[in-house]
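Heads up, the thing below is written out as structure tokens.
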Amino acid sequence: MTLPDSELPRTEDEWRVRLSPAEFRVLREHGTEPAWTGEYVDTKTPGMYRCRACGAELYPSDTKFDSHCGWPSFDDAIPGAIREIEDNSLGMRRTEIRCARCDSHLGHVFRGEGFTPKDTRHCVNSLSIRLDPSNP
Ligand SMILES: [Zn+2]
């Protein structure tokens with residue numbers, strides 16, 4: 001389910017045909033899905049969350065926690081899977097997170113909120129990820 005490097009889109013037009021309009025808006029145009037609407041907000045199913053655009057492994061399900069913020073939240077990621085970018089849009093200082101493999105937008109990362117011992121919250125759009133359930 002991971003897209004081979006040779007098939008990774010190189011242009012936004014190539015992405016557009018691979019993704020649904022809603023996925024394209026979030027992953028490639030840095031959109032945000034409305035709070036509480038994503039399919040993974042309350043998901044507890046074990047497995048691996050992968051990038052919905054390229055299939056790269058991003059978040060093991062045991063890093064997911066209940067933040068009650070309306071989006072799936074994770075306190076850690078697969079090492080090297082995430083790229084952080086300073087984002088000063090909307091008059092806020094935030095840190096955007098993208099898939100390190102295909103540069104698709106995932107959400108934002110916040111630190112110092114005290115939700116978990118790791119003190120980190122990756123606030124991720126459900127549209128940016130796909131759960132690969134593990135075999136029980
Ligand atoms: Zn990706």
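Just so you know, all these numbers are worked out from the coordinates, no wet-lab data involved. Everything quoted here is computed from the prediction, not taken from an experiment. Here the Cβ positions follow ideal geometry from the backbone for every residue, glycine too, while neighbour counts run over all protein chains shown.
For the chain, modelled as a GNM whose springs connect Cα atoms under 10 angstrom apart, the maximal fluctuation among S73, S20, S104 occurs at S20. Between region 68-132 and region 14-40, the C-alpha centres lie 15 angstrom from each other.
Its Cα centre serving as origin, region 39-136 has a Cβ charge dipole (Lys and Arg +1, Asp and Glu -1) of approximately 160 debye.
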